[in-house]
Each structure stands twice: as C-alpha cells, then as structure tokens.
Amino acid sequence: MLRAVALFVGITLVLAGFSLAGAAGGPPLLVEKGKLSLGLRATYLDEMELKDHDLKRTPSEGEAVLESRSASFEGDCLYLVDIVYGVNDWLNLAASLGLAWNGEFHNNDKASGNQWRSKMDGVFVWGLGAKARLFRSASGIDIVAEAGYLRYDDRTISDWRNTSAGYAADKYWATDDHLDYWQVDFTVTGSWTMGAFTPYLGVGYAYGEADFSGNWRSHDYPAQPISYAYDAKMKLKDNVKGLLGCRLKITDACNLTAQASFISQRAFSLGLSWEF
C-alpha cells in the first residue's frame with residue numbers, strides 16, 4: 001500500500017508541475033491491469049459559487065476603479081469522453097475531453113445591487129488524471145485516491161442582462177468578454193461491490209480559478225465611442241468536495257454510473273463505459 005501511495009503522489013506532483021493533474025475520467029473505480037475503458041459522461045452543473053472578488057474597470061480615458069462583485073456558474077452542461085487505462089492492479093491513468101455548453105455566468109455588483117446574468121457559449125474542455133487503490137478487502141470494499149485537473153480557455157461570454165433593472169446590455173453596448181477556468185481535485189473514495197451494484201462515497205479538496213477579461217464599447221457615440229476594459233480573477237468559494245454515486249454492471253464489459261457532487265459544487269452526472 002505504501003508503494004501505491006508513493007507512486008500516486010509522485011505522478012500527481014509531476015503532472016502538477018506541467019499544470020496537468022487530471023480529470024480523473026469517470027467514477028472513482030479502477031479498470032483492471034492492461035485494460036482500457038472508454039466512457040461517455042454527461043454532467044449538469046446546477047451551481048458553483050465563486051468567492052467575492054474585485055472587478056477592475058478601466059475606462060478608455062481615466063483611472064481604473066475596483067468594484068466588489070459576487071459570482072457563480074449555473075446551469076452548465078458538460079459532455080465528456082473518458083479514457084482510462086489500467087497500468088496495473090492498483091494504478092489507472094485517465095484523460096477526458098469534450099464540450100461545456102449553455103451555462104450562465106452570474107456576476108453581481110455588491111455596492112449598487114445590480115444583478116447581471118450572461119450566457120457562457122460552448123467551449124472545448126480537457127483534463128488528465130490518476131487513480132490509485134489504497135485498500136481492498138475480500139468482502140468487496142475498496143478505497144481509492146485520485147487527482148484530477150479539468151480546464152477550458154477563451155470561453156465567450158455573451159448576452160448580458162441586467163435583471164435588476166430589466167434591460168439587455170447589447171441595447172447600449174457591444175461586448176467582447178472571455179473566461180478561462182481550471183480546477184484541481186484530490187479525492188479519497190470508498191466503495192462496496194455487491195454483485196452488479198457498487199455504491200460509493202467520497203470526500204476531498206477542490207481548488208478552481210477563473211480569469212475574466214472583456215471590453216464594453218458604447219453604441220451611443222459612434223464618432224467617439226466610450227469603452228471600458230474589464231479584468232478579474234475569481235476563485236472557487238468552497239474547497240471541500242463531496243460525492244455520492246453508484247455503478248451498475250450491465251455486462252462484463254459495460255457499466256452505467258450515476259453520481260452527485262456537492263458542497264464545492266452542486267452537480268449531477270450520468271455515464272456509460274465499456275472496458276476492453
């Protein structure tokens with residue numbers, strides 16, 4: 001077991017050194033040595049809150065000001081292909097790729113009370129990960145540790161609406177906003193295989209950062225338009241991560257998994273995987 005822990009930590013540190021720690025690829029259950037798992041996973045992110053932050057607002061002429069904001073992601077959908085390889089009986093390496101689609105970015109001005117909502121356009125998502133078994137019993141109990149990294153870049157933010165005052169920003173402004181996001185997760189999960197069913201429960205640490213940048217240009221004065229540049233760095237509000245799920249073995253090679261995540265983010269996933 002000590003060898004497994006040492007190698008798992010070493011792999012995690014190497015990946016982290018290249019800013020790649022892993023999107024662990026499906027449920028926290030291991031693929032057998034020498035086998036490959038190919039999975040399809042759909043995740044609905046109901047809500048993920050970000051810490052209060054300062055939004056830097058810089059006019060085309062004049063001094064920059066800082067505005068205190070709160071923010072969250074809501075209603076985002078992730079569609080991922082998960083590839084997992086069993087290096088040996090206690091270690092898996094994983095990769096994920098796919099799309100994030102149709103979410104909302106909520107950004108609220110804490111001083112004025114103005115509430116802003118926007119659409120997060122579709123973007124390519126990728127990740128890497130590692131899983132290591134720490135313990136296995138003859139009765140079917142497994143304890144698995146995993147590290148995961150997931151990110152997207154240059155996601156377009158559009159269709160801003162001020163829901164407090166009831167108007168759309170594009171009536172007055174041409175907006176050009178983008179968002180980068182990455183997240184690292186470290187999780188320890190316990191599972192118990194009972195025939196075709198394997199329920200599991202996990203707890204861990206999650207850390208995420210979002211970088212927002214943009215420019216708003218007024219429609220009102222085409223000869224000499226007013227413009228503002230925006231910039232902000234946001235971090236995940238809650239770092240404790242919990243998850244609850246169950247895998248159903250349909251055949252020897254095919255598995256169906258349902259999972260719920262909570263605390264750091266409220267999300268629900270459904271996945272189907274094949275081992276060969």
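The values are calculated or read from the model by the stated rules, or taken from the named source; none is laboratory data. Keep in mind the model is a prediction, meaning the values are calculated, not measured. Cβ coordinates were reconstructed from backbone atoms using ideal geometry, including for glycine residues, and neighbour counts include every protein chain displayed. Side chains included, ligands, DNA and RNA excluded: accessible areas come from the protein's heavy atoms. Shrake-Rupley method; radii C 1.70, N 1.55, O 1.52, S 1.80 Å.
Straight-line cross-link partners of Lys35 among the lysines, defined as a Cα under 24 Å from its Cα and at least 8 positions apart when in the same chain: Lys131, Lys249. Charges were assigned to the Cβ only: +1 to each Lys and Arg, -1 to each Asp and Glu. The resulting dipole of region 208-276 about its Cα centre is roughly 240 debye. Of Lys241, Lys233, the order by accessible heavy-atom surface (1.4 Å probe, DNA, RNA and ligands excluded), from most exposed downward, is Lys233, Lys241. Restricting the calculation to Cα atoms, the chain yields a radius of gyration followed by a Dmax of 21.4, 77 Å.
In this structure Cys246 has an accessible area near 50 Å², from a 1.4 Å probe over the protein heavy atoms.
Mark the label point 7 Å from the Cα of Ala165 along Cα→Cβ and return the residues of region 46-67 whose backbone N is within less than 14 Å of it. Counting only backbone N, you get no residues. Summary value for region 219-276: 27 percent relative contact order, contacts being C-alpha pairs under 8 angstrom separated by 6+ residues.
Extension gain, Thr251-Tyr172: 0.36 nm per intervening residue step, less the Cα-Cα distance, totals 22.7 nm. The lysines whose alpha-carbon is closer than 21 Å to the alpha-carbon of Lys51, local same-chain residues fewer than 8 away aside, are Lys110, Lys119, Lys233, Lys235, Lys237, Lys241. Taking a straight line from the alpha carbon of Lys56, these aspartates and glutamates sit under 15 Å away, with near neighbours fewer than eight places off in the same chain left out: Glu67, Asp109, Asp177, Asp211, Asp231.
Which three semi-axes in whole Å describe the equivalent ellipsoid of region 118-235, each the square root of 5 times a Cα gyration tensor eigenvalue, listed largest first? Numbers along the way, then the final one.
Numbers: eigenvalues 440, 42, 22 Å².
Whole-Å semi-axes of the equivalent ellipsoid: 47, 14, 11.
Selection among Cys77, Ala229, Trp160 by position relative to the dipole of the chain gives Cys77 as farthest towards the positive end (Cβ unit charges, Cα centre). Loop sites here are GluC sites (Glu not before Pro) outside DSSP states H, G, I, E and B with no more than 13 other Cβ atoms within 10 Å. The longest part of the chain free of them is 64-276.
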